[in-house]
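Quick note: the coordinates plus some simple rules give every number you see, no bench work behind them. Everything quoted here is computed from the prediction, not taken from an experiment. Cβ sites come from the backbone with ideal geometry, for glycine too, and all protein chains shown count toward neighbours.
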């Protein structure tokens, strides 16, 4: 009997997976699609695909055009997205992850987004020795590890606009102040998958940040750990901080709909 239950559960899981693949396929199509094309795309029979589509039509998430009998999603799915964004903000989604990070390290934790070509601290559990780390605080992007993460997704034209609008003013004598140096640093960020602010934002403070992705697969935020420079040695960063930071950012990214870590969690 246990075998039958396990088999039934596996079959149900596969059905749900195929149903979601169907809906994603329809959502990404620019025009209504034929039944046979949808069935081929998700790898199931036309009869099974037809049952999935009929269920979605009945629930109002898909319509069938009356001339060519092709299928496409309705705007009803947008209501789910809107409701999720209203009730589940990025800070709400990530709060337990950040709290867990706090409990497993003796360092500060920040969740940072971009707003108006600046870093804004959406959540922050900070060490009072460092004045720049506060919820709602704004910081120049080129001087912060989180900002570098967000800038690393910029095109050259977008980076030029940032420099034109915000400049590369120094916060300390370690701050990057030239376009060439910033480009080189951002290339390192892309290659390594993380960014470091080595007393560039505030003397005595070292910070490491990693990207948080959404379903757009573009960094929408940066998660960072910071502390006194003597606390965050290169050895500690590589052996302890980076692994736990990447694991936490992956968890948040999955909650934001990213497929980047599918199968790894």
Selection within the range 181-199 - within 21 Å of the chain's Cα centre (by Cα), more than 22 Å from residue 233 (Cβ to Cβ) and surrounded by 15 or more Cβ atoms within 10 Å (Cβ to Cβ): 186
Lone unmet requirement of (1) surrounded by fewer than 20 Cβ atoms within 10 Å (Cβ to Cβ); (2) closer than 27 Å to residue 106 by Cβ for residue 178: (2)
Within the range 164-205, which residues are on the phi > 0 side of the Ramachandran plot and touching a helix residue (DSSP H, G or I) at 6+ places or on another chain (Cβ under 8 Å)? 193
